[in-house]
Amino acid sequence: MADRVTVIGWDGSPLTAAARSALGAATLVAGAGHHLALPEVPGRAERIRLGSVSLAARRIAAHRGTAVVLADGDPGFFGVVRTLRAPEFGLEVEVVPAVSSVAQAFARAGMPWDDAQVVVAHRRTLRRAVNVCRAHPKVAVLTSPGAGPAELGLLLEGVHRTFVICEELGTDREQVTVVTSDKAADHTWRDPNVVIVIGGPTAPSDDSAWLAGGAPSAAPRGWALPGAEYGGRLGEGETEPLRAAQLARTGPRVGDLVWDIGCGSGAFTAEAARFGAAVIAVDRDPDACARTLATARRFGAQPQIVHGTAPHILEDLPEPDVVRIGGGGVAVVSAVADRRPERIVTHAATRDAAELIGRDLTEHGYRVQCSLLQSVELDTRAWTEKERTVGFLLSGELPDRNP
């Protein structure tokens with residue numbers, strides 16, 4: 001095992017005295033090509049071109065001597081330190097930090113970033129990173145080959161964003177470019193790069209902000225809010241108890257894409273967005289689309305709103321993680337199930353209709369749950385019944401679906 005392992009962050013600035021001292025004593029140095037070409041790397045040291053960090057960690061663990069790992073930016077922020085400290089390698093590391101590439105990117109753009117979301121995009125997580133860009137007004141994306149600015153722009157089709165693309169930060173080839181998301185695929189971008197994605201409503205400046213990544217919104221506390229919060233015009237499938245159950249069964253979260261089909265007043269759309277999910281709201285009624293847009297603006301959400309009739313309008317939408325179906329019956333449920341979201345939730349007014357929907361979901365391989373929900377609203381002045389609603393809540397879960 002290596003006697004000592006030092007991880008040195010590199011941001012293009014001259015190396016610190018501590019970094020130079022560690023390199024001077026190194027018998028093994030791992031890093032990218034531009035790191036290994038630094039004049040401070042001793043000629044006698046064994047050199048490892050850093051591709052797979054896990055493979056490099058195994059070689060370092062087997063090395064007798066002093067090892068140094070060079071990494072761009074802050075190696076403790078989405079960097080190599082996490083892998084090197086994994087229990088299977090048994091390495092104890094010292095870290096010489098540097099300015100993270102995210103901090104550098106926002107500095108080049110002249111923007112604050114304590115209110116930004118930060119995501120890593122590679123081939124496996126690209127879709128979820130894009131969903132965060134859909135849902136939030138300021139996102140920094142640490143890209144990788146095959147999951148860069150062009151791919152982000154293509155997957156954001158239909159959603160306008162501005163990209164600040166920072167290439168090769170800290171080097172002589174550093175370049176900062178501002179383009180709209182629909183133009184990002186028209187260029188070839190150099191790696192490594194960081195993309196700042198800007199768009200949608202921005203919260204007003206507040207000197208009392210205290211939470212990195214965006215302070216909680218000023219929306220009313222709680223979820224499945226009363227109809228009065230949405231102008232009082234709720235449809236049959238939007239009652240407070242039913243909405244609460246729908247949110248509980250779908251469990252929208254950051255990185256998810258939610259379809260809200262038959263969005264009505266936009267109540268479910270706004271509340272799914274408040275959980276951090278990206279939402280596409282669909283309705284055939286233009287007035288419903290307008291109400292949903294107004295609701296979203298009031299709650300600071302930024303869904304994509306699509307006017308059209310399901311199931312045909314669904315064909316060109318990006319893949320969902322969870323879906324709420326507010327209307328359309330078995331035909332819409334079947335079309336949604338064909339797209340294989342992890343969870344589907346809908347409702348029915350009668351047991352016969354619930355059985356038809358449940359049978360269709362089962363045939364598509366979903367685990368089905370059905371509950372009869374009955375709620376009674378009371379007038380608390382006289383404690384008399386004011387309104388009664390009854391309906392069947394159906395949900396389907398796909399057991400083998402991965403995020």
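Rule-based calculations on the coordinates, nothing more; no lab input. Note that the structure is predicted; figures quoted are calculated from it, not measured. Neighbour counts are summed over all protein chains in view; Cβ atoms, including those assigned to glycine, are modelled from backbone coordinates with ideal geometry.
Every Cα-Cα pair in the stretch 1-63 was counted, and those over 15 Å apart are 47% of them. Pairs of alpha carbons in the stretch 286-329 separated by more than 14 Å make up 60% of all such pairs. A viscosity of 0.890 mPa s and a temperature of 25 °C, combined with the Kirkwood radius over Cα pairs in Stokes-Einstein, give a translational diffusion coefficient for the stretch 64-132 of 170 µm²/s.
Taking all Cα-Cα distances within the stretch 114-269, those exceeding 18 Å account for 65%. For the stretch 68-96 versus the stretch 110-139, the spacing of their alpha-carbon centroids is 23 Å. Note on the stretch 1-137: Kirkwood hydrodynamic radius from all Cα pairs is 16.1 Å, rounded to one decimal.
Based on DSSP, what percent of beta bridges with both residues in the chain are antiparallel, to the nearest 5?
Of those bridges, close to 50 percent are antiparallel.
Its Cα gyration tensor gives the stretch 310-376 an equivalent ellipsoid, and the semi-axes of that ellipsoid, as √(5λ) in whole Å with the largest first, are 21, 13, 12. A simple packing score, the average count of other Cβ atoms within 10 Å per residue, orders the peptides 276-285, 380-389 as 276-285, 380-389, with the highest score first. Taking the convex hull of the alpha carbon positions in the chain and averaging its projected area over all directions gives 23.9 nm².
Only helical runs count toward this figure. For the chain, summing -39,500 (n - 2.57) over DSSP H runs of n ≥ 4 and dividing by all residues gives -7500 deg cm²/dmol at 222 nm. Based on the Kirkwood approach, the hydrodynamic radius assigned to the stretch 261-403 is 16.2 Å, with every pair of different Cα atoms included.
All Cα-Cα distances of the stretch 55-98, cut into 5 Å bins from zero to the largest, leave 5, 22, 35, 24, 12, 2 percent in each bin in turn. Convex hull volume per residue, computed on the Cα atoms of the stretch 222-314, equals 87 Å³.
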